[in-house]
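Here the structure is laid out as structure tokens; the discussion comes afterwards.
The values are calculated or read from the model by the stated rules, or taken from the named source; none is laboratory data. Owing to the predicted nature of the structure, the values given are computational and were not obtained by experimental measurement. Because the Cβ atoms are built from the backbone with ideal geometry, glycine has one as well, and the counts that use them run over all protein chains shown. These area figures cover heavy atoms from the full protein model, side chains too; ligands, DNA and RNA do not enter into them. Shrake-Rupley method; radii C 1.70, N 1.55, O 1.52, S 1.80 Å.
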Amino acid sequence: MIEQAVRMRAAVLVGVDRIDVREVACESPAPREILVRVTAVGLCGTDFHIVAGHANYNRDARGRPIPLADAPQILGHEIAGVVEAVGTDVRDLTTGDRVVVDQGRNCVSEARSPLCEYCAGGDSHQCEFYREHGITGLPGGLAEFLTIPAVNAVRVTSDLEPAVLALTEPLGCVVHSSDVLARAPARYARPRSIVILGAGPAGLLFVHYLRQVLGFDGILLVSEPNARKRALADRFGAETIDPMSNDVAQVVEERTHGRRAELLIEATGSGPAFAAIPSLIRKQATVLLYGHGHAGVDLSVLNALQFLEPTLLSPVGASGGHEADGRPSTYVRALRLIELGRVDIAAMITHRYTSLDAVARVFAGEHRAPDYVKGVVTL
């Protein structure tokens, strides 16, 4: 089977806003690796930032971005697939197993000893030697096949569709963020009022996780201008605010009886949204910075925020420790939540694309459609 897959099709980012579907080499698995036939890939905000030229995480040894002209990239880091072939040392996976993928290569992935301080401390995505498929230059899931360390694959035990399984990674990011929140030495360790800015996939997953997994029964307000996304946030258990027709700070003040939010989750990456945070929170509230970007404002917006002395948290990715067999614990937990039906992933998927040939069209602007919430490519 490997011989038949020496070449494969992939959607390759060759320049800003330029994606070509072309044949590329398919890497055979080393002894500790597996070859995964990709069945579904979620399209993430990070992908859109990279394609638009707003970010490039493929860096040289001195931290400088490597131009796409010198190193084209295959994006896609929310991945589900089927094991196509296994390396000679792999004993716990076999051809035909359905898996979800932890796209991050860390010390455990590479069997490095001793572990770096981050991997030893349970922060795998902060590994000293971290590399990431689909983000830092390693080939990602927008291709027919992907070669990864076997321990980066978590076996699926249900018959759920690949599109749903692919969203294990973004749910894992929310799981990790919640773990960081739980560990934080904050004044409001058990908040009774939470404001979420943005009801994109991340904001919606936070709503669902807070209500259905953590059992949060306090005030949960979500500010979101898009009607489709507000409807989903309402369905998942939040009270929504349309910032285009309401003064968000006033609504928060009213709904919290003048106290304002004890926890705010910034899930938009919007500069103006970031600038509005001081008007929405209590003194010494906790602010979780999940969204990235925040263009259009300068650092002076921090002045009003710093004056309130908040606890600022900035968790990244689906980081975490490892199970006894080396599998990433956060992905294991996220996948089980999906398989048990604790989180309604399917409700968020509004757009499905059945070919790599559709990828360029999505990045060209289809994701900006009013009814777009989450897109998944299924192969």
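How much accessible area per residue does the chain have, counting only protein heavy atoms and a probe of 1.4 Å, in square angstrom?
43
For Cα Rg over 2.2 N^0.38 Å, one of (i) 1.04; (ii) 0.98; (iii) 1.22 was computed from the structure I shared and the rest are decoys. Which label?
(ii)
Kindly provide the helix-only [θ] at 222 nm of the chain, computed as the sum of -39,500 (n - 2.57) over DSSP H runs of four or more divided by all residues, to the nearest 500 deg cm²/dmol?
So the helix-based figure for the chain works out to -6000 deg cm²/dmol.
Output the antiparallel fraction of DSSP beta bridges having both residues in the chain, as a percent to the nearest 5.
Here the share of antiparallel DSSP bridges comes out near 60 percent.
For a distance above 21 Å, tell me the whole-number percent of Cα pairs in the range 83-228 that qualify.
Every Cα pair in the range 83-228 considered, those over 21 Å come to 57 percent.
What longest region of the chain stays clear of trypsin sites (Lys or Arg not before Pro) that DSSP places outside H, G, I, E and B and that have at most 12 other Cβ atoms within 10 Å?
92-379
Take the solvent-accessible surface of the protein heavy atoms, probe 1.4 Å, and return the percent of it on the range 33-83 that carbon and sulfur atoms account for.
After summing per-atom areas, the C and S share lands at 52 percent.
Given Cα pairs under 8 Å that are at least 6 residues apart, what percent is the relative contact order of the chain?
Once normalised by length, the contact order is 18 percent.
Taking the Cα centroid of the range 143-222 and of the range 104-140, what is the distance between the two, rounded to the nearest whole Å?
Their Cα centres are 21 Å away from one another.
Tally up the carbon and sulfur contribution to the accessible surface of the range 282-371 as a whole percent, 1.4 Å probe, everything protein left in place.
54
I'd like the distance separating the alpha-carbon centroids of the range 1-64 and the range 295-356, in whole Å.
Here the two parts' Cα centres lie 21 Å apart.
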